[in-house]
Amino acid sequence: MPSAQFRIESRYPLVGRLLPPSAFKQLYTDPSLAVAVAVKSVADPTRQEVRVVHVPSGEIIFRTTDAAHPG
């Protein structure tokens, strides 16, 4: 059984009306699921950065645009 290795991070509040609060505190085994939850977890992923991080390596495997802080 694979270990949970992916975490969702953001400097913005993570919210989701259709997702339980625990969805934003847990680790995910499936990177695709983590990305899907991440995109649904901020009000506007085109303006608010949210990341999915591979925990063991610290590598960011997915990042939305952070228009307020480019680069």
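Just to be sure I understand the model, the point goes 7 Å from the Cα along the line to the Cβ. What's the resulting THR46 to LEU27 distance in nm?
Going from the THR46 label point to the LEU27 one covers 3.5 nm.
Magnitude of the Cβ-charge dipole of the chain, K/R +1 and D/E -1, about the Cα centre, nearest 20 debye?
It comes to approximately 180 debye.
Probe radius 1.4 Å, ligands and nucleic acids left out: which of ARG47, ARG17 has the largest accessible area, and how do the rest follow?
ARG17, ARG47
Grab the DSSP H runs of the chain that are 4 residues or longer, score each as -39,500 (n - 2.57), total them, divide by all residues and round the 222 nm result to the nearest 500 deg cm²/dmol.
-4000 deg cm²/dmol
Ignoring ligands, DNA and RNA, what percent of the accessible area of the chain is carbon or sulfur (1.4 Å)?
Using a 1.4 Å probe with all protein chains present, the chain comes out at 58 percent carbon and sulfur.
Nearest 10 degrees is fine. How inclined is helix 31-40 to the longest principal axis of the chain, computing both from alpha carbons?
Here the helix axis deviates by roughly 30 degrees.
Let's test this: bin the Cα-Cα distances of the chain at 5 Å from zero up to the farthest pair and state each bin's percent.
Percent of pairs per bin, in order: 3, 19, 30, 24, 15, 7, 1, 0.
The values are calculated or read from the model by the stated rules, or taken from the named source; none is laboratory data. None of the values given here were measured: they were computed from a predicted structure. Every residue, glycine as well, gets a Cβ built from its backbone with ideal geometry; the counts of neighbours run over all protein chains shown. Ligands, DNA and RNA are excluded from the accessible area calculation, which covers all protein heavy atoms including side chains. Shrake-Rupley method; radii C 1.70, N 1.55, O 1.52, S 1.80 Å.
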